[in-house]
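Working notes for the structure below.
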Amino acid sequence: MLTVLIPRVSRVAALSVAIAGASTLAGLLEPVTSCLGPVLVVLVAHFFDRSLGRLAAGFVSLGIAGTMLVAGYPPLSSGSIGRCAIAIGAAWLCAELVSRRPRHTEQPDSTAHSKGDDFDLKDRQVPTASEREARELLDRLPGRFATRTAEDFDFINQQILEESGTTLEGMQNLGFLRFIHPDDRERIKEGYLRSIQEKSTFETTYRWADHDSDYRWRHSRSVPYFNDDGSVYKWYAVNIDIDDLCKSRELIREREAQLNWLTENVPSLLWWTDAHGRLEYVNKRAEDYTGLALEDLRARGWLELVHPDDAASILEVWQDSLASGRPYDSVHRLRAADNTYRWFQCKGTPMRDANGDIVNWYGLSTDIHERQLAQEVLRTEELNLRRLVDVLPAMIWRATPEGKVDRWSQQMLVFMGATEEEFDGEMLLRRIPEADRHRVRSRWRQAVEEGVSYQDTYQVAGADGTLRWYLARGEPFRDENGRILHWFGVCTDIDDLKQAEAVLEQREHQLHELIETIPAMLWSNDPQGGLTYINRKIVEFVGLDLSQLAGPGYQKTCHPDDVDAMVQSWKRSVETGEPYCHAARLRRKDGTYRWHQHTGEAMRDADGNIVQWYGLSLDIDERKRAEDRLRHTQAELARATQIATVAELSASIAHELNQPLTSVIANAQACNRWLAASPPNLREARTSAESVVRDAHSADETMKSIRALFKSQSFQKRKRNVKDMVLESVRLLREDVSWHAADIDLDLPDGLPPVFVDQIQIQQVLLNLITNGIEATENSGRAPRILITARELQDGAVQLEVVDNGSGIVGGDSIFDAFVTTKSKGMGIGLAVSRSIIEAHEGYLIGANNPGYGSTFSVVLPALSDDAAYPDVETSGAAGI
């Protein structure tokens, strides 16, 4: 009996020690989530009996509670105490519910009774009731447990299966390896197989992935349980999640490294002493600055490094802090390794234990040498500033936060003829005229009450009684919290400025009256062309004010026929900055339209940017009407001259052509008689026909002579701008009211090369081509529309095209022959003379029909080269139309 009991007792003692140690380890690791204690209780109660299970529960309880009370981990709180209580309760519950029953109750058959205490655990194939209870409990406990035989896992609790999203079969045959991080997989596999082969405990850490493929650190311990014959009955494994612990340790290591780095690299001298002030640590920066190691500083004493002038006061302050426990704060000079002194601000704070006793002093010495020197400079500058304030040619004053003036500059005292002893806060106010005194006082009090900037102008009587104008300004000076500390102000003499302002106001009034009374309409616009001002003459003329004329409102005062042209001209000036000049009719408030000449110029700043447009509108209605009458008279005179010229030309042509044409007729009649004879006299008829040909050639030569007569007239050729010539031709055409219905579009690019022509002759050609195009639409049913384009050709010439929408060209190139016309009232000489003019300018004129309807006449003129310098010349050319 003793031989059986002694080993049992020894096993119980060893097992008790193991349980206590394991439970303590579990508590140290993570008592809040550890389930190792209940697992050990389950194993002991299951494989031994209830008494040993209770013993194990007691040791587990002592281990968890002792860890909390002695080690202080985790920090005591209601949550951690409650969870530890739950773990202790679970251990005792396991001891009661999972106790091993007598072997005869587990095997009801006779063979089981015959085996008695020698019943081998290997012979049990079917889980007993206690095993089922243990497995169910292990499934319910908030932990990860598993058992395996030498062959494979035979039990994995539900928590592992749920986290992995698999089954027991999925974990067998090394299937669990797929949940292990690839970097840990081979190591775990080798250790697992080695544990089976060597029948040893396997303990390791690795990263485990749940069904979401998130890896977390786990600590796993697998312990074998041996049969009496030394074979392994099972391995019992527990798996603990230590991911937060690993991350916390890593974070702690990082924080420790950062703290160490900060301690050594903080840009100040860091030190600490014991409770009595003996130096225990200085950082590397302190050693580098002083050139002394910690041992040298201890031996020599840090007071040796203090400047002799500061040593006594510093020692007194330090001893006072050591005695009273109050924080230490001092500014003094410390000697560097190169024997130079620099200013430092040294602060120290005591660290106390739980009883309030000082155990250490921690201090920081910050280099403030530049700041200290700057303060010295600042004090010097402050003194200089006070002197500057007194000599400045302005009256400077200071007031309290309540607004009471408590300081004047020397200049102000001299102005008022008072001394500092005679000074009082109401002195300035008494020097202000009584009529303004109440207003000045009220405005100052309002600024003080609201805490805002103060500004006012008033007259002050000097020591000699003379009143002078002053501009008073005041600003509140505040601290970092916004609280007003003082008011600072200055009174500036502006008497001369006030007199200049009075003169300027008078001149401004005179200028304003001049603008309002001048017999013209004046206006101004902003850089974008928006109306900003109109004088009284405009309001009186149109009967509208500025608000009604702003924006597009001014357009309703213009004649409908002039609006588009005027708007386009104004937009072009605003866009280009060129001067504006345009004539248009404006409606008077009685509905009468009168012609006005509108001109505008841009005012620019120093950089050339437009800041304002100023304009003038002059009434030119009488002049315009006189010009129209003159133009009408000139047109009538020109027409009469043309008629007289045509009559004279007709008589001349009739005289010149009469003889050859008479001969042609006579010979033609003779030829007809010779052919009518019986028999026909062919020889005489041939002679008559030859005479007809001869006389016709004679008539042709006569006609050539007449055409040469046109070319004998001289004209002036000069360098001309093509675009300007076309625009001038269109303007001349529009002056004739009979052509206003025509829509004329222009496509005239800038940069065209100049031409060497007689401008009047070329404009006559253009006017003839444009009027022909307009007249070509008389019977077409279409509104006349003309397009004039210009472009530079590759050979340097300039091509002008007049495109119309009329009935087109009939007869091809014959329309350029003399006396060939398609118009009922035409003479047939316009295009002939136009071609002669262009050819005289070494160019050419052609015409062609457009696709659909209309025709295009092209004028090509040679262009001047950039380096050409042609003088004005008089040359022979075709006469005008």
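Worth a mention:
- Single residue of region 182-207 satisfying the filter (among the acidic types (Asp, Glu) and surrounded by fewer than 17 Cβ atoms within 10 Å (Cβ to Cβ)) that is farthest from Leu245 (Cα to Cα): Glu198
- Condition check for Asp353: touching a strand residue (DSSP E or B) at 6+ places or on another chain (Cβ under 6 Å) and charged (D, E, K, R): yes
- From the list Gly425, Gly356, Gly403, Gly363, the one residue that fits, being within 30 Å of Ser268 (Cα to Cα) and surrounded by 14 or more Cβ atoms within 10 Å (Cβ to Cβ), is Gly363.
- A single entry from Glu575, Glu601 fulfils the requirement of being part of a strand (DSSP E or B), modelled with pLDDT of 90 or more and out of contact with any helix residue (DSSP H, G or I) (no Cβ under 8 Å at 6 or more places or on another chain): Glu601.
- Selection status of Gln345, closer than 18 Å to Leu270 by Cα, among the polar types (S, T, N, Q) and touching a strand residue (DSSP E or B) at 6+ places or on another chain (Cβ under 7 Å): yes
Residue-wise test of (1) basic (Lys, Arg); (2) buried (at least 16 other Cβ atoms within 10 Å of the Cβ); (3) in the same structural domain as Arg352 (by TED's automatic domain parsing).
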{"residue": "Met171", "(1), (2), (3)": "no, yes, no"}
{"residue": "Ile180", "(1), (2), (3)": "no, yes, no"}
{"residue": "Tyr215", "(1), (2), (3)": "no, yes, no"}
{"residue": "Tyr225", "(1), (2), (3)": "no, no, no"}
{"residue": "Gly230", "(1), (2), (3)": "no, no, no"}
{"residue": "Asp274", "(1), (2), (3)": "no, no, yes"}
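- Subset of region 524-568 [assigned to a helix (DSSP H, G or I) and either crowded, with 16+ Cβ neighbours inside 10 Å or not assigned by TED's automatic domain parsing to the domain that holds His596 (or both)]: Lys537, Ile538, Val539, Phe541, Val542, Leu549, Tyr554, Thr557, Val563, Met566, Val567
- Residue selected from region 155-169 under the condition of a type in the set (Val, Ile, Thr) and under 56 Å from the mean Cα position of the chain (by Cα), by the criterion surrounded by the fewest Cβ atoms within 10 Å (Cβ to Cβ): Thr166
- Any hit, region 247-268, residues being under 30 Å from Asp357 (Cβ atoms), surrounded by 13 or more Cβ atoms within 10 Å (Cβ to Cβ) and at pLDDT 80 or above: yes
- Filter result for Val730 (of a type outside the set (Asp, Glu), at pLDDT 85 or above and not in a loop (DSSP other than H, G, I, E, B)): no
- Region 148-165, subset among the polar types (S, T, N, Q) and in contact (Cβ under 8 Å) with a residue 40 or more places away in the chain, residue farthest from Arg216 (Cα to Cα): Thr149
- Contacts under 7 angstrom Cβ, first residue in region 186-214 being at positive phi, partner not in a helix (DSSP H, G or I), 6 or more apart: Lys199/Pro224; Lys199/Val232
- Of all the listed residues (Thr457, Thr466), the sole one being within 20 Å of Glu501 (Cβ to Cβ) and either of a type in the set (A, V, I, L, M, F, W, C) or surrounded by 13 or more Cβ atoms within 10 Å (Cβ to Cβ) (or both) is Thr457.
The values are calculated or read from the model by the stated rules, or taken from the named source; none is laboratory data. As the structure is a computational prediction, the values presented were derived from the model and not from experiment. Using ideal geometry, Cβ is built from the backbone for each residue, glycine included, and neighbour counts are taken over all protein chains shown.
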